[in-house]
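What follows is one structure encoded as structure tokens, with my remarks underneath.
The values are calculated or read from the model by the stated rules, or taken from the named source; none is laboratory data. Source: prediction; values computed, not measured. Glycine also receives a Cβ, built like all others from the backbone with ideal geometry; neighbour counts cover every protein chain displayed. Areas reflect the complete protein model, heavy atoms only, side chains present, ligands, DNA and RNA absent. Shrake-Rupley method; radii C 1.70, N 1.55, O 1.52, S 1.80 Å.
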Amino acid sequence: MSHEKEVPEIIPMPKSRNNRACMLCSIIQTSGDFRANGCPNCENVLHLEGNPERILSCTSQYFDGMIAMISPEKSWVAKWQRTSPFSFYSVRALLTHMHV
């Protein structure tokens, strides 16, 4: 009987100048992902899907650090960040400007 825990395979997010962090929940996605799907945590508030102007004003390309959310249902960081999906989050998104 094995006592090893199953850890999901993590694919590192590629460094990209197209990566942006949501100013509300700090999730990191490409601008294309925000355009195609909006923000998985804040879409009902920010309405980013298909709206490039909102993406530019409600996300930032300037952010510090990254958190990889592996087990959001067990993570105190997920509870603290109020996030749920497995993804990458910034430690701090730096405000450039935001118009909600």
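Among residues of segment 47-68 that are open to solvent by less than 40 Å² (accessible area, probe 1.4 Å), those with a beta-carbon under 7 Å from a residue that is among the small types (Gly, Ala, Ser) at least six positions away or on a different chain give the pairs 48/38; 55/31; 59/21; 60/21; 60/93. For segment 42-75, a residue qualifies if it is more than 16 Å from residue 89 (Cα to Cα), of a type in the set (A, V, I, L, M, F, W, C) and outside any loop (DSSP other than H, G, I, E, B), and the qualifying residues are 45, 46, 55, 56.
As a summary of the residue check, residue 71 satisfies the conditions (1) more than 12 Å from the chain's Cα centre (by Cα); (2) open to solvent by less than 40 Å² (accessible area, probe 1.4 Å); (3) among the hydroxyl-bearing types (Ser, Thr, Tyr) except for the one numbered (2).
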